[in-house]
Amino acid sequence: MKLQGEIMSGNKEENQRLPRKASDFAIRSNRLPEFAIDRDYEKCIKCEVCIRQCAFGVHYRDVEDDLIRHRAEDCVGCQRCVVLCPTKALTVRVNPAQYRAHGSWSSEHVKDINRQAETGGVLLTGSGNDKQAPVYWDKMLINASQVTNPSIDPLREPMELRTFIGSRPESIKVEDGALATKLPPQVSVETPILFSAISYGAISYNTQKALAEAAVELGTLFNTGEGGLHPDFYRYKNNAIVQVASGRFGVHPEYLNSARMVEIKIGQGAKPGIGGHLVGEKVSEDVSITRMIPVGTDAISPAPQHDIYSIEDLRMLIFAIKETTNYRVPVSVKIAAVHNAPAIASGIVRAGADVVVIDGFRGGTGAAPKVIRDSVGLPIELALAAVDERLRKEGIRNRVTVIAGGGIRSSSDVVKAIALGADAVYIGTAALIACGCTLCQKCYTGKCNWGIATQDPYLAKRVNPDIARRRLVNLVNGWSHEIKEMLGGMGINSIESLRGNRSQLRGMDLTSDELAVLGIKPAGG
Amino acid sequence: MTLDRVEIDASGIYYSDLNQRVREAVERGARKIVLKNVFGQRYIGTNLYGALDSDGLVGVEIEVHGTPGNDLGAFLDGPAITVYGSVMDGTGNTMNRGRIAINGRAGDITGFSARGGEIFVRDSAGYRVAIHMKEYGDKRPVIVIGGTTQDFLGEYMAGGVVIVLGLNLSGEEPHYCSHVGTGMHGGAIFIRGRIMPHQIGSGVGESEITAADESLLEHYLSEYGRIFGINIPDITPDSFIKLTPISKRPYKQLYAY
């Protein structure tokens with residue numbers, strides 16, 4: 001590690017030359033450490049677990065004093081060392097030392113400016129938007145039956161969560177008691193909760209394996225993201241959604257034919273309008289096989305798909321995929337929630353997509369420019385309500401499945417999303433938290449101490465795919481049960497009856513404009 | 001032999017029906033499909049995955065007479081397509097394996113994101129040719145353009161080879177393309193004929209033509225001549241310039257960690 005003020009040049013003789021020029025010195029960091037570490041030396045047994053667990057090199061043994069010490073300035077607050085310390089000698093907390101309080105210039109602003117003054121780079125971050133933007137889920141209340149339309153107990157009565165993903169025909173014909181209309185391809189899932197796109201490359205092999213196996217066990221789908229499908233994971237094809245994004249990594253006919261659904265990724269809630277960039281350091285041997293690019297090269301996903309500059313071009317790709325898969329699987333189109341999402345969604349439906357995915361601005365990412373993650377896009381609640389409304393007004397909502405993602409944190413968020421008009425939801429961040437993620441937001445460094453967002457074999461083996469699968473299955477089963485309880489409370493016994501049923505929602509602490517966009521009445525009204 | 005050959009009159013047939021007929025013919029054992037009166041039908045050759053095992057598709061030939069629509073041979077994985085006429089946009093989009101030869105000119109995004117196979121265009125091609133083309137293992141796509149191309153040739157190119165012969169340029173007329181190789185981080189573009197420094201994207205540099213390049217160029221020049229039945233003038237490898245990316249990691253310094 002380079003010490004502050006150390007001379008940049010590696011040439012010893014040059015270093016000894018005096019006087020030194022200002023340009024010889026590295027730029028010193030003026031940043032306050034983000035976290036403070038307290039080590040209880042009475043409890044510390046110097047076992048070095050903390051040293052081994054931290055990929056950021058925070059803890060070290062001071063040989064002279066025979067003590068374990070730390071460099072708090074390198075700590076990312078992931079809490080791995082705290083959890084694994086056998087004697088619970090460590091506490092990591094937000095550094096109480098802050099710059100002088102200022103109503104306009106928060107400590108975060110000051111730190112960010114310093115970081116850019118030191119590097120001149122684009123500030124990167126991981127996970128979803130962490131700002132205090134209004135979370136409309138928290139301002140919507142769910143209804144329940146009292147006396148009339150009695151509530152239903154899901155423990156004694158059947159409760160239907162099965163959801164069909166795909167497009168619907170305008171009408172159906174029944175002849176001699178049998179369906180005479182050829183239905184477009186549908187995927188049946190046992191719960192309206194799907195795992196959203198997280199590529200192998202962004203996350204470790206074991207984490208994607210756990211997601212795939214959990215999807216198999218739950219009867220739902222996982223999504224490869226745009227990084228291709230590892231050869232070992234073709235066996236999960238009956239529960240896979242494969243993505244086609246601007247980088248077209250690992251996209252070939254066999255890949256497209258090894259999935260229940262193909263998703264065209266136009267945008268992502270965490271970084272609408274920009275592309276992706278998997279740094280060469282993360283393109284390991286296995287990632288290279290999956291993405292089909294050489295080891296160590298940058299995997300650049302351009303901002304647009306260069307064959308899609310219009311809705312007509314989008315139609316061209318949708319049908320290219322349908323031709324390649326012989327019209328056997330639904331094709332979905334995923335966009336980030338942006339201001340004109342309703343008009344775009346209308347175009348997507350008219351372009352022939354079977355599924356429209358809207359990803360809100362609290363959606364996660366392995367790497368995004370911080371300024372874009374925090375300032376571009378819309379909360380999913382508003383975008384979803386606006387898209388559903390627009391498609392209904394145009395009389396085309398019935399044609400497609402709508403999936404909402406980006407900031408779904410609990411089963412009640414799922415219920416509210418479906419009542420606002422979604423058929424199903426995508427969960428990404430919640431799934432990774434189930435696997436051990438603590439939202440330290442350093443995914444882009446590739447040094448995830450929890451073994452999730454890393455390709456370093458030493459770190460990646462920390463996710464036991466078997467245990468992670470069980471945790472994911474537990475989470476989705478728990479949520480599904482809670483959804484049944486809430487449905488029963490509303491006197492509804494099928495998730496289909498909740499879809500777009502906004503009368504089951506009321507808004508609290510919302511302006512009349514917000515209520516109008518959400519299409520719900522105020523609480524008490 | 002005649003059983004192997006199936007001729008389909010494409011006039012008035014909707015593209016998905018036409019492509020389905022091609023697929024059925026291949027499944028029934030046809031190895032050469034001749035499509036007559038093609039007029040704008042898209043995705044020819046795209047739906048053949050699984051019609052035979054994928055190595056079996058390598059021997060399948062599709063002959064197209066007329067003007068096929070967009071995305072000719074998109075996701076192509078094995079067959080050879082020869083077009084007697086010009087083609088529209090997206091030819092060989094994300095193709096994996098096979099060969100496409102165009103006896104005419106090609107539209108925009110020819111060879112977009114291709115990972116393997118060969119595309120020969122007798123005349124010129126449109127915008128964004130070979131954009132984000134890549135290579136992997138033994139897969140190394142090659143695009144040969146007889147004439148010139150429009151802007152953004154080889155943008156974001158991550159692998160593969162583009163050869164632009166400039167045969168239709170007269171005298172000192174420079175190539176039409178600007179922003180050549182912008183964001184390029186792999187592969188090589190060989191251009192014959194006049195190209196001005198301002199036409200070449202930043203991050204791209206001229207590099208030396210090696211002995212391996214020479215044999216590659218000789219091979220593809222003779223292939224071009226053979227496929228299109230053209231006696232090409234005596235072109236030597238030293239009449240090309242070779243453009244390669246300066247860095248495999250063009251955006252390495254972009255971020256603050």
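The values are calculated or read from the model by the stated rules, or taken from the named source; none is laboratory data. This one's a predicted model, so the numbers in the text were calculated from it and none came from an experiment. Note: ideal-geometry Cβ built from the backbone for every residue, glycine included; neighbour counts use all protein chains shown.
Okay, here's what the table says:
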| item | result |
| --- | --- |
| Candidates B:SER178, B:SER215, B:SER207 - the one that is of a type in the set (S, T, N, Q), away from chain A (no Cβ under 14 Å) and touching a strand residue (DSSP E or B) at 6+ places or on another chain (Cβ under 6 Å) | B:SER207 |
| The stretch A:277-314 - residue that is part of a helix (DSSP H, G or I) and facing another protein chain (nearest Cβ under 10 Å) and, of those, surrounded by the most Cβ atoms within 10 Å (Cβ to Cβ) | A:ARG291 |
| Qualifying residues in the stretch A:315-349 (those that are assigned to a helix (DSSP H, G or I), within 14 Å of chain B (Cβ to nearest Cβ) and touching a helix residue (DSSP H, G or I) at 6+ places or on another chain (Cβ under 7 Å)) - the one nearest to A:GLN268 (Cα to Cα) | A:ILE321 |
| Count - residues of the stretch A:94-113 that are surrounded by 12 or more Cβ atoms within 10 Å (Cβ to Cβ), part of a loop (DSSP other than H, G, I, E, B) and either touching a Pro at 6+ places or on another chain (Cβ under 7 Å) or of a type in the set (A, V, I, L, M, F, W, C) (or both) | 2 |
| Candidates A:VAL189, A:VAL216 - the one that is in contact with a Leu (Cβ under 8 Å, 6 or more places away or on another chain) and closer than 30 Å to B:ASN47 by Cβ | A:VAL189 |
| The stretch B:61-109, subset among the basic types (Lys, Arg) and assigned to a strand (DSSP E or B), residue nearest to the other protein chains (Cβ to nearest Cβ) | B:ARG97 |
| Residues of the stretch A:453-501 satisfying the condition of being among the hydroxyl-bearing types (Ser, Thr, Tyr) and within 21 Å of the chain's Cα centre (by Cα) | A:THR454, A:SER480 |
| Flag for A:PHE35 being within 30 Å of A:ARG100 (Cα to Cα), among the aromatic types (Phe, Trp, Tyr) and exposed (fewer than 14 other Cβ atoms within 10 Å of the Cβ) | no |
| Unique match (being modelled with pLDDT of 95 or more and among the charged types (D, E, K, R)) among B:ARG226, B:ARG249 | B:ARG226 |
| Residues that are surrounded by fewer than 24 Cβ atoms within 10 Å (Cβ to Cβ) and away from every other protein chain (no Cβ under 13 Å), drawn from the stretch A:241-260 | A:ARG260 |
| Subset of the stretch B:130-152 that is among the hydrophobic types (A, V, I, L, M, F, W, C) and within 11 Å of chain A (Cβ to nearest Cβ) - its residue that is farthest from B:HIS198 (Cα to Cα) | B:MET133 |
| Matching residues, the stretch A:395-446, being of a type in the set (Lys, Arg) and part of a loop (DSSP other than H, G, I, E, B) | A:ARG409, A:LYS442 |
| Among residues of the stretch A:243-272, those that are in a loop (DSSP other than H, G, I, E, B) and of a type outside the set (S, T, N, Q), counted | 15 |
| Residues located in the stretch A:489-519, provided they are closer than 22 Å to A:SER151 by Cα and either aromatic (Phe, Trp, Tyr) or assigned to a loop (DSSP other than H, G, I, E, B) (or both) | A:MET490, A:GLY491, A:ILE492, A:ASN493, A:LEU498, A:ARG499, A:GLY500, A:ASN501 |
| Out of A:GLN132, A:GLN116, sole residue that is polar (S, T, N, Q), surrounded by fewer than 17 Cβ atoms within 10 Å (Cβ to Cβ) and within 11 Å of chain B (Cβ to nearest Cβ) | A:GLN116 |
| Residues that are buried (at least 16 other Cβ atoms within 10 Å of the Cβ) and free of Cβ contacts under 8 Å to residues at least 40 places away in the same chain, drawn from the stretch B:35-53 | B:LEU35, B:GLN41, B:ARG42, B:TYR43, B:ILE44, B:THR46, B:ASN47, B:LEU48, B:TYR49, B:GLY50, B:ALA51, B:LEU52 |
| Identity of the residue in the stretch B:232-246, assigned to a loop (DSSP other than H, G, I, E, B) and under 21 Å from the mean Cα position of the chain (by Cα), that ends up surrounded by the fewest Cβ atoms within 10 Å (Cβ to Cβ) | B:ILE232 |
